[in-house]
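The values are calculated or read from the model by the stated rules, or taken from the named source; none is laboratory data. Just so you know, these numbers come straight off a predicted model, no measurement behind them. Reconstructed Cβ throughout: ideal geometry from the backbone, glycine too, with neighbour counts over all protein chains shown.
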Amino acid sequence: MGEDIISALKENVIQGRKTKDDEGIDDDMAGKPAVLELTQQALDETIPVEDIISKGLTAGMEVVGEKFSSKEYFIPDMLASAEAVGAAMDILKPYLEDSNVEMKGKFAIATVKGDIHDIGKNIVAILLKGAGYEVYDLGIDVPTEKIVQYVKENNPDFLGLSALLTTTMVVMSEIIEGLKENGVRDKVRILIGGAAVSDEYAREIGADAYCVDGFGAVKVLEAFGQVKA
Amino acid sequence: MPREGILIDAPLQRMTTEQTERIHQASLEILNDPGLVCFNQEAAETFGSHGADVTPVSPSDRPCWLVRIPERLVSQAIESAPKSVKLGARNPDNTLVLRGDESRVHFISGSETNIWLDVDFPAYVKKSDPSVEITVPEFHPRRGTVADLCKSAHVCEHLETLDGYIRTVNIQDKDITEDNKDVNKFFASLDNTTKHVMSGLTSLGQLDNVLNMARLIAGGEEELRENPIISFITCLVKSPLQFVDDTTQTFIEICRRGLPIVVSSSPQAGSTAPIKEAGILVQINAEVLAGITLSQLVNKGTPVIYGSVPVRARMDTLGDSYGAVETSQYNVDCAQLARFYGLPNYSTSGVCDTKTPGQQASIERLFSDILVTLSGPQYLHCAYGLLDCNSVFCLLQAVLDDAHFKMIKFFLRPPRIGESEIADIQKQIRDVAVTPQKLYISYVRKVMRSGELSEPYSFEGDGETDNVFALAYERMNELLAKPVQHIDQGTTSRIFQEIPGLLPRLNVYEKGRS
């Protein structure tokens, strides 16, 4: 029974079905239990949280990643699966402390002051949550002081900053200066992204990495060796 | 089921109804005064016996007649010419139905070029940094052969958007003569594509051999009439307003045999036709109407297609300029004239002035391909692979053109805006509006897999690299590696026994070939 649920969980991650109302990719999936329902069912059946995550959610995401690499899947598929996994992690969160599962780190993300564009930020948030990070979305047009304050008080492992406009990208530099002034710059790894910025700009302002897109962010974090700052 | 082509609901028109009628009227007046000069005696006599004013032209170095065609004959011909022409195919699923009252466009290859353009990709080393090596496509022109024609028909068989085949290259092998060219070009084409095959005829003496071959393939005389797997195009007109002796005779003989035929005229604005739009239209329309009239006088009911290939002259060389913007205007106008008569239209697009594939070729081709397609000609000779104004054929370019037509066909899909669609979309918008991320991405996935989304450009490179030619070349070789359904062995055997002049090397069942 437990194996069936885990197997169904993995399959539904591959299908990108968060709830039973989602259609997925194959025909006639709508109405059948999806990732959220199966995760709850797995908890009810007292299946170990480690198994739910590693054999169900992560195993499913691995297949999704392979399908994406082989161009069978596209970004909407990846996002649907990541969103389903992220939602499952919300259900599992209270059980994590009693299990051997450790989250990959806290990731705070924001669109900087003066910039209201959030598509890229939202996609990054979904993908990172699906990849096992605790994501804290601070929103759009977030004042520099608020971001600095958040880092001081909550100690995130990573800070993601997004800017679409050439007029707002300079704010990223101000944030880094603010973190330095408050003595927390070295406690957080800073990733920047958005249409206006580049690898060169990241180096110029002293960020730790530039991410070309959401997948780039996941790769950068993997390259950090999942070592918390 | 015939091939679908692409239906243009509201064809692009440049002329008002009044302007179209004025061109029509002016063409009729031109056919009466000055009339046309006919170098073919039978045609002149046919016109004369039906009431045209025919007078010998003298002095003249060759016998010719001035033919003044009365409006009545033209009107009767327009009336009796079939408004729908069926072009059959070896594979019945590739049949084309050209209805004069329906602007359903079919995309066709052709036409015959002397030069075949090969491509290869030599590597070059950067002088300032020998560690950097790049490959650059190089194009090598040479005379076309019958093997090239087979190759071209083979690839065209697999080009998704290509609906019918006009031979792309003139076969110039040493063992090809005036007397065996027709049977070999038709056989090479028919054996390598199951789509409709249209061609001109080099020698009238070969007409019956070609027809016998077609009968053998179609299964008999009646079967060929029901499923005309071949049709003909004849340039009986030499602009301005002249009927050439030999092609007119060929035209008459084909009409007698009742197979579909295109009356094609290709005046050049600025040299053989007036440079102004109204001028070339009045003349080409008169020339095509004269041909249609002759077809109906020879054999009432001959399935005839209004063939218009108007082109503007280049001012630097007085050569054809298919890339000129006006050439597209003329073609769009002619599609409108054919529609005015309710007759199917053979039109032209995609031919470009440049000699090799590249940016100019793509710009010139896409410009005319899009616009002329929008005007709704039923049989669009859109020149897959043709370069240098009808002189050069490049198979790589044909593969590139297929990608262009996929885009054009996709664009021309009718919009889906119905009540249920609106209701679904409203629900979607309401559902997404209340989510924190406000993204519609989750709704994309089914649509993405339903074929409702256009695909990225077929030859898109990775990152910022432009690998278009290399990727198209790969695709070309993939298509060449795909099998084609040749004519079956028994029929092939009969064809080689009964039709004289066929080159033995074209028999794929010959020992060592199959």
Listed residues B:Val155, B:Val119; which is modelled with pLDDT of 95 or more, surrounded by fewer than 20 Cβ atoms within 10 Å (Cβ to Cβ), closer than 16 Å to B:Leu400 by Cα and among the aliphatic types (A, V, I, L, M)? B:Val119
Is there any pair linking a residue in the stretch B:28-42 that is closer than 12 Å to B:Leu289 by Cβ to one that is basic (Lys, Arg), with Cβ under 6 Å and at least six apart or on different chains, and which? B:Asn32/B:Arg68
Please return the ranges of helices (runs of 4 or more DSSP H) entirely within the stretch B:334-449 where 3 or more residues are within 14 Å of chain A (Cβ to nearest Cβ). B:419-433, B:444-449
Out of A:Ala82, A:Ala87, sole residue that is within 12 Å of the chain's Cα centre (by Cα), within 15 Å of A:Thr39 (Cα to Cα), within 14 Å of chain B (Cβ to nearest Cβ) and surrounded by fewer than 22 Cβ atoms within 10 Å (Cβ to Cβ): A:Ala87
Are there any pairs with C-beta distances below 9 angstrom linking a residue in the stretch A:133-155 that is within 14 Å of chain B (Cβ to nearest Cβ) and of a type in the set (Asp, Glu) to a residue that is buried (at least 18 other Cβ atoms within 10 Å of the Cβ) and part of a strand (DSSP E or B), with the two at least 6 apart or on different chains, and if so which? A:Asp137/A:Ala108; A:Asp137/A:Ile109; A:Asp137/A:Ala110
All but one of (1) at pLDDT 95 or above; (2) buried (at least 20 other Cβ atoms within 10 Å of the Cβ) hold for A:Pro33, so report the exception by its number. (2)
Based on this model, can you work out whether B:Thr465 counts as out of contact with any helix residue (DSSP H, G or I) (no Cβ under 8 Å at 6 or more places or on another chain), among the hydroxyl-bearing types (Ser, Thr, Tyr) and away from chain A (no Cβ under 14 Å)? yes
Looking at B:Lys406, B:Lys438 in this structure, which one is surrounded by fewer than 18 Cβ atoms within 10 Å (Cβ to Cβ), among the charged types (D, E, K, R) and within 27 Å of B:Leu159 (Cα to Cα)? B:Lys406
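From A:Ile109, A:Ile126, grab the single residue that is closer than 21 Å to A:Gly183 by Cα, under 10 Å from the mean Cα position of the chain (by Cα), within 14 Å of chain B (Cβ to nearest Cβ) and in contact (Cβ under 8 Å) with a residue 40 or more places away in the chain. Please lay out each step first, then the result.
Numbers: A:Ile126 fails: closer than 21 Å to A:Gly183 by Cα.
On inspection, the qualifying residue turns out to be A:Ile109.
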Unmet criterion (only one of (1) in contact with a Pro (Cβ under 8 Å, 6 or more places away or on another chain); (2) over 11 Å from A:Leu9 (Cβ atoms)) for A:Gln41: (2)
Please go through the stretch A:194-222 and give me each residue that is without any contact (Cβ under 8 Å) to a residue 24 or more places away in the chain and on the phi > 0 side of the Ramachandran plot, ordered by number. none
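Taking the condition away from chain B (no Cβ under 14 Å) and either surrounded by fewer than 20 Cβ atoms within 10 Å (Cβ to Cβ) or not basic (Lys, Arg) (or both), does A:Pro94 pass? Walk me through it before giving the result.
Working: away from chain B (no Cβ under 14 Å): yes; either surrounded by fewer than 20 Cβ atoms within 10 Å (Cβ to Cβ) or not basic (Lys, Arg) (or both): yes.
It is true that A:Pro94 is away from chain B (no Cβ under 14 Å) and either surrounded by fewer than 20 Cβ atoms within 10 Å (Cβ to Cβ) or not basic (Lys, Arg) (or both).
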Which of the residues that make up the stretch A:34-76 are within 13 Å of chain B (Cβ to nearest Cβ) and out of contact with any helix residue (DSSP H, G or I) (no Cβ under 6 Å at 6 or more places or on another chain)? A:Lys67, A:Lys71, A:Glu72, A:Phe74, A:Ile75
Note: among A:Val85, A:Val63, just one is touching a Gly at 6+ places or on another chain (Cβ under 9 Å), within 15 Å of A:Ala8 (Cβ to Cβ) and of a type outside the set (D, E, K, R), namely A:Val85
Residues of the stretch A:141-170 being on the phi < 0 side of the Ramachandran plot and of a type in the set (S, T, N, Q), which ones? A:Thr144, A:Gln149, A:Asn154, A:Ser162, A:Thr166, A:Thr167, A:Thr168
Considering only the stretch B:474-491, I want to know if a residue exists there that is exposed (fewer than 12 other Cβ atoms within 10 Å of the Cβ), touching a residue at least 60 places away in the same chain (Cβ under 8 Å) and more than 13 Å from every other protein chain (Cβ to nearest Cβ). yes
Got a sec? Which of B:Arg167, B:Arg104, B:Arg142 is in contact with a Leu (Cβ under 9 Å, 6 or more places away or on another chain) and farther than 30 Å from B:Thr373 by Cα? B:Arg142
Mind listing whichever residues of the stretch A:133-173 are surrounded by fewer than 23 Cβ atoms within 10 Å (Cβ to Cβ) and assigned to a loop (DSSP other than H, G, I, E, B)? A:Pro143, A:Asn155, A:Asp157, A:Leu164, A:Leu165, A:Thr166, A:Thr167, A:Thr168
So B:Gly451 passes all but one of these: (1) at pLDDT 90 or above; (2) at positive phi. Which condition number does it fail? (1)
